[in-house]
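What follows is one structure encoded as structure tokens, with my remarks underneath.
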Amino acid sequence: MFFKNLFSHPAESAPLMVLYGTKSGNSKTVAEELAKQLIRQNIEHRVSSMSKVKPQQLKDVERALLVVSTHDDGEPPVKARKFYRQLQAADMPGLEQLQFAVCALGDSSYDSFCEAGKTLESRLLELGAKEILPRKDCDEEFAQPAVEWIKEVLTRLKKGEELTDEIELESSKWYNGTLKQREVLSVDAENNSTYHLEFECPEAAGNYKSGDLLDVIPENPADLVLALCEKLEAPQLAAAFATEKEITRVNRQLLKAYAGATLNKSLAELLTQNEALNTYLKNANVLDLLNDFPAEISGEKLLSLLPPIRIRQFSISSVPNAETPIDLMVKTVRFQFNGKKHLGAASSWLNESSTPGSPIRFRLAANPDFHMPADSNTPILMIAAGTGVAPFRAFVHELEQQHFPANAWLLWGEQLHHHENRYYSEFSAISQQHGNFLFDAVESRNQQKPMYVQDWLLEKHHELAAFINHGAHVYVCGSKAMGEGVEKALQQIFPDSAAWEIFKSSGRYHWSCY
Ligand SMILES: Cc1cc2nc3c(=O)[nH]c(=O)nc-3n(C[C@H](O)[C@H](O)[C@H](O)COP(=O)(O)OP(=O)(O)OC[C@H]3O[C@@H](n4cnc5c(N)ncnc54)[C@H](O)[C@@H]3O)c2cc1C
């Protein structure tokens with residue numbers, strides 16, 4: 001059976017379908033609230049994750065209400081990607097009979113804001129479907145616009161019964177914690193440090209699962225704020241630059257708006273050069289923009305063009321427990337561009353500007369696709385590079401509390417491992433005490449045998465195949481580049497690409513790369 005029934009209806013005819021594509025669970029929450037309201041209105045429907053249906057099934061549907069979030073430069077959630085691929089296929093049948101509405105969740109500080117919702121809408125229109133409502137784009141605080149969308153949908157669909165005002169989606173809860181302790185874990189060849197941080201907040205410390213994330217809104221680097229104020233001769237804007245606006249990054253939208261406001265020809269030209277533009281978008285901050293494309297622009301005008309400062313996510317590296325702190329593992333982003341030092345906002349704020357006792361406002365973000373298997377007797381393989389090991393520290397400690405009911409295997413790659421690194425020592429000690437926990441560490445800058453995690457995976461091909469054949473779940477965490485390399489290596493463990501695709505969609509493959 002493809003659908004989870006919320007309101008009984010024979011499978012062969014599904015006049016109204018609610019579909020969601022979700023990563024953190026927000027789109028699912030919106031879809032379920034909509035479904036609840038449909039039940040109240042006696043409107044028959046089915047609700048399902050996009051991962052459980054084929055878009056061809058929309059051929060038998062009169063109306064579809066779709067909720068989807070956007071991730072990774074404009075992509076739909078991982079679990080919805082197959083649905084999207086099939087929807088885009090050339091042999092996808094026409095959907096002339098279908099009426100639809102889309103609610104898109106996203107973050108407006110990204111150029112690709114709500115892109116997955118936009119793609120869905122345009123493809124459905126291309127296939128002949130008719131939109132019953134304009135697409136609703138919801139920003140970070142999605143609750144209110146999503147409720148508005150639900151109300152608009154119900155107004156179109158309702159059968160007689162008056163709408164009640166009881167539609168409620170909980171806004172996300174922000175906590176006030178304190179930085180309790182910070183400890184350096186390692187320093188890489190470029191002199192960038194990785195720290196272990198502990199936050200005290202008993203109210204939140206038991207409210208997450210191993211594998212979940214912590215959201216923070218950082219304060220921007222003080223040097224950059226000062227330099228901007230000086231450049232613009234606008235000291236009165238210091239607070240806004242420090243806490244309200246995105247200044248450590250630039251996005252395409254900002255460059256376009258700045259080019260429009262200043263009529264700067266060189267910037268207009270850069271906007272037409274893909275490669276150079278991408279390099280600029282990857283490295284430049286707002287001070288670079290002012291220096292590289294000088295123009296008469298007031299501080300207030302510039303401020304009005306800047307996107308709001310955006311949330312940064314970090315994997316929680318501790319096991320949930322109301323009586324212990326919440327831990328993070330954070331690497332400072334620091335690099336040279338235009339001959340000047342550049343700092344990442346959140347990583348430098350957490351690792352350098354904050355001091356023990358500093359307040360920190362944060363939100364817990366569920367990462368349901370990256371939780372440990374529900375059955376603790378399931379073996380797991382954890383593959384990490386750098387700070388990607390953070391969620392696995394939580395996994396390993398949780399499994400240790402349960403005396404490792406099944407085999408757990410951790411592979412961790414670093415440039416060089418520092419054996420006094422607290423996380424390294426913990427993993428080594430636990431693996432010595434528990435035969436069920438295997439810990440392997442590889443080094444990409446080892447003088448004798450440099451090795452990336454993907455090389456190790458290929459070397460251990462046979463053992464890994466056996467481990468996976470015993471039902472292991474595979475978890476991958478680290479940079480996107482590492483994740484892609486790991487994926488290529490893992491693919492070779494499977495007899496063919498079909499077997500790999502089956503494994504990937506089996507619910508046993510978990511990927512959280514950034
Ligand atoms: C699901 C998830 C989990 C994450 N978990 C962790 C974690 O456990 N530990 C951790 O340290 N980080 C983690 N990150 C990354 C983290 O969210 C931030 O992106 C990172 O700390 C940089 O943010 P920033 O504010 O310091 O830099 P920003 O101010 O956002 O960026 C400043 C500049 O640095 C560049 N930049 C950003 N990141 C990098 C990078 N890694 N290398 C080179 N240049 C970069 C940007 O392009 C920009 O030009 C995670 C991200 C996600 C999505």
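Compute the projected area of the convex hull of the Cα atoms of the chain, averaged over all viewing directions, and report it in nm² to one decimal place. Reported value for the Cα convex hull: 26.9 nm².
Peptides 292-303, 85-96, 204-215, 19-30 ranked from most to least packed, by the mean per-residue count of other Cβ atoms within 10 Å: 19-30, 204-215, 292-303, 85-96.
Using the Cβ atoms and a cut-off under 13 Å, what net charge is assigned to the surroundings of S425, where Lys and Arg are +1 and Asp and Glu are -1?
Details: positive: R393, R422; negative: E183, E420, E426.
With Lys, Arg at +1 and Asp, Glu at -1, the net is -1.
Need the list of lysines near K331 for cross-linking: C-alpha distance under 17 angstrom, and skip anything on the same chain fewer than eight residues off. Answer for K331, where 17 Å is the Cα cut-off: K341, K480, listed by chain and number.
Here the peptides 242-252, 170-180, 453-463 are ranked by packing, the mean other Cβ count within 10 Å, and the order with the highest first is 242-252, 453-463, 170-180.
Starting with the highest mean, order 75-82, 326-333 by the number of other Cβ atoms within 10 Å, averaged over the residues of each peptide.
Numbers: 75-82: 21.1, 326-333: 22.8.
Going from most to least packed, we get 326-333, 75-82.
For the listed residue pairs K265/K340; K118/K209; K28/K282, the alpha carbons are over 30 angstrom apart in K118/K209; K28/K282. Backbone amide hydrogens, once placed in the peptide plane, bring L410 within less than 5 Å of M382, L438, F439, D440, excluding anything fewer than 5 places away on its chain. Counting every other Cβ atom within 10 Å of each residue's Cβ, I150, I468 order from fewest to most as I468, I150.
Taking the Cα centre of the chain as origin, work out the dipole magnitude from +1 charges on Lys and Arg Cβ and -1 charges on Asp and Glu Cβ, in debye rounded to 20.
On the way: 52 positive and 68 negative charges, 159 e Å.
For the chain, the charge dipole is close to 760 debye.
Note that the range 341-346 has calculated 3J(HN,Hα) couplings of 5, 10, 10, x, 5, 5 Hz, one per residue in order, obtained from phi through the Karplus relation 6.51 cos²θ - 1.76 cosθ + 1.60 (θ = phi - 60°); glycine and proline are x.
Which order do T355, T119 fall in if you start with the one that has the fewest other Cβ atoms within 10 Å? Don't jump to the answer; show the numbers that get you there.
Values: T355 8, T119 21.
Going from least to most buried by this count: T355, T119.
Pairs exceeding 26 Å between alpha-carbon atoms, taken from K82/K488; K59/K79; K23/K180; K23/K158; K23/K301; K151/K504: K23/K180; K23/K158; K23/K301; K151/K504. Please state the shape class of the range 372-513: rounded when a/c is under 1.5, otherwise prolate if a/b exceeds b/c and oblate if not, all from the C-alpha gyration tensor. Oblate.
Sorted fewest first by neighbouring Cβ atoms within 10 angstrom, T378, T279, T387, T155 come out as T155, T279, T378, T387. Structural descriptor for the chain: relative contact order 13 percent, calculated from alpha carbon pairs under 8 angstrom and at least 6 residues apart. Three principal axis extents describe the C-alpha atoms of the range 16-157; from largest down they are 38, 37, 24 Å.
All of the numbers you see were taken from the coordinates with simple rules; none came from a lab. Remember, predicted model here, so these are calculated numbers, not experimental data. Cβ atoms come from the backbone with ideal geometry, glycine included; neighbour counts cover every protein chain shown.
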